[in-house]
1. Taking amide H positions as placed in the peptide plane 1.01 Å from N, state which residues far from residue 102 in sequence (5 or more) or on other chains have amide H under 5 Å from it.
2. So what are the three principal axis dimensions of the chain from its Cα atoms, in whole Å, longest to shortest?
3. Please sort by residue number the trypsin sites (Lys or Arg not before Pro) in the stretch 241-282 whose DSSP state is loop and whose Cβ has at most 10 other Cβ atoms within 10 Å.
4. Post the alpha-carbon centroid distance, the stretch 102-117 to the stretch 33-79, in whole angstrom.
5. Note the full-extension length gain between residue 46 and residue 156 as 0.36 nm times their separation in residues minus their Cα-Cα distance, in nm to one decimal.
6. Count charges around residue 119 for me, please; just the other residues with Cβ under 14 Å from its Cβ, Lys/Arg as +1, Asp/Glu as -1.
7. Return the ratio Rg/(2.2 N^0.38 Å) for the stretch 1-45, where Rg is computed over Cα atoms only.
8. Using DSSP to define loop residues, name the trypsin sites (Lys or Arg not before Pro) in the stretch 1-66 whose beta-carbon has at most 16 other beta-carbon atoms within 10 Å.
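Readers should treat all values here as calculations from the given coordinates under stated rules, not as data from a laboratory. From a predicted model like this one, the values you see are computed outputs, not experimental measurements. Note that each Cβ is placed from the backbone with ideal geometry, even for glycine, and that neighbours are counted across all protein chains shown.
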Amino acid sequence: MKRIVTLQDISCVGCCSITVALPVISAMGVECGILPTAVLSTHTMFKNFTCKDLSDQIEPISDMWEKEHITFDGVYTGYLASKEQCAQVVRFFDRFSNENNLTLVEPAMADNGKLYPAFGEDFPKAMAEVCAKADVIVPNITEAALLTGMPYKTEYDHGYIRELLERLLELGCGTAVLTGVSYEPEKLGVAYLDRNGKEFSYFTERCEQSYHGTGDIYASTVMGGLMRGLDLGDALSLAADYVVACIKATAVSEEGRWYGARFESVIPKLCAMLQERLDSRE
Ligand code: PXL
């Protein structure tokens, strides 16, 4: 069984980060180690929240893992608590990432044209250094614009998306994936560009509703899929189909869930969709 480690926060309530990565990646048949970067009472979209920064644990835990000869098939980062922590994560990559494993970065820092409340204007620059070290990055359009210094647009054409992808590659990552891409009102999807010039896109129906934490569900599913041996296109399409299933499952419930998508009840569907893709490769 493949083993990954994910570096992101524990938001005790409000499905995101580690409380999404652990169940999703485990259900996909991959061992999911964690290196919690902070503990928050909830994610930062709640009006009030506590945050205990765990930066001082990153170094000693890494030292101990090295001493114990622990290695990972994948390293996956999400929400990081500060720009100093971004620098620590870059050092973590230097120790635990190599040509035999895969580094995935979800630069969870912004959405809908805005940085998350806990971050200052200088945070994207620090996150760009993390992205530079990654094999694959999965920003949304807001994050991509902040990482590259390009304008954030809600109406755009293929040229804008291509330029964002090219500028993301210039940061130094191996493959740039953009989420939340849409060229027609009824469809939403992803596009990627790699260093060999390979382009790919995949679209699903656009759901009316949107929920917090879907970026984390997306990235966790991509990591699980890649670790199970799917190629990037299949991992991205699986993750997109799963997010749609999560949104639909959330939308049918009476109360809905304003703080996160209901990913739990559709985990069996995720496993079935993963198996279908694995079977269709043979
Ligand atoms: O889903 C991204 C995320 C993760 N962790 C925390 C957050 C957010 C988004 O707001 O606040 C703590």
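1. Amide H neighbours of residue 102: 74, 75.
2. 50, 44, 40
3. 281
4. 16
5. Taking residue 46 through residue 156 to full extension adds about 36.5 nm, to one decimal.
6. After counting each charged neighbour, the total is -4.
7. 1.15
8. 47
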